[in-house]
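For reference, the structure discussed in these notes is given below.
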Amino acid sequence: MPISSYVLQTEGDDQVEALRALGELEWVTIGEPEPNGIPVVIESTTENEAKSRGESLGTIPGISNAVLVYHNFEDLQECEW
């Protein structure tokens, strides 16, 4: 199961909107928000799903940028590439 962590960059009141939207995603675990960012961990079942979910984080209202910090996929049985 691929696991990835991101820092989602936010500004001011946008963070409240971003947290609300993130709270609706069952595959996201939200860390302690900081003034300019929100740490999150996402879980996926495939590498393609991890990529798609990671890309979708940057489209959430209130998030200006999604920065990948860590990605682990070593337990996958088959590579998809």
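The values are calculated or read from the model by the stated rules, or taken from the named source; none is laboratory data. Every value quoted in this text rests on a predicted model; they were computed, and no experiment measured them. Cβ placement follows ideal geometry from the backbone for every residue including glycine, while neighbour counts extend to all protein chains displayed. Accessible surface is based on the protein model in full, side chains and every heavy atom, while ligands, DNA and RNA are left aside. Shrake-Rupley method; radii C 1.70, N 1.55, O 1.52, S 1.80 Å.
Descriptive notes on the structure:
A quick yes/no check of all residues on (1) assigned to a helix (DSSP H, G or I); (2) free of Cβ contacts under 8 Å to residues at least 60 places away in the same chain; (3) open to solvent by 50 Å² or more (accessible area, probe 1.4 Å):
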site	(1), (2), (3)
S5	no, no, no
G12	no, yes, yes
N48	yes, yes, yes
T59	no, yes, yes
G62	no, yes, no
L68	no, no, yes
E74	no, yes, yes
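- The single condition among (1) out of contact with any Phe, Trp or Tyr (no Cβ under 9 Å at 6 or more places or on another chain); (2) at pLDDT below 95 that I30 does not satisfy is (2).
- Selection within the stretch 14-46 - in a strand (DSSP E or B), open to solvent by less than 40 Å² (accessible area, probe 1.4 Å) and in contact with a helix residue (DSSP H, G or I) (Cβ under 6 Å, 6 or more places away or on another chain): V28, I42
- Selection within the stretch 62-81 - modelled with pLDDT of 95 or more and either of a type in the set (D, E) or touching a helix residue (DSSP H, G or I) at 6+ places or on another chain (Cβ under 7 Å) (or both): I63, A66, L68
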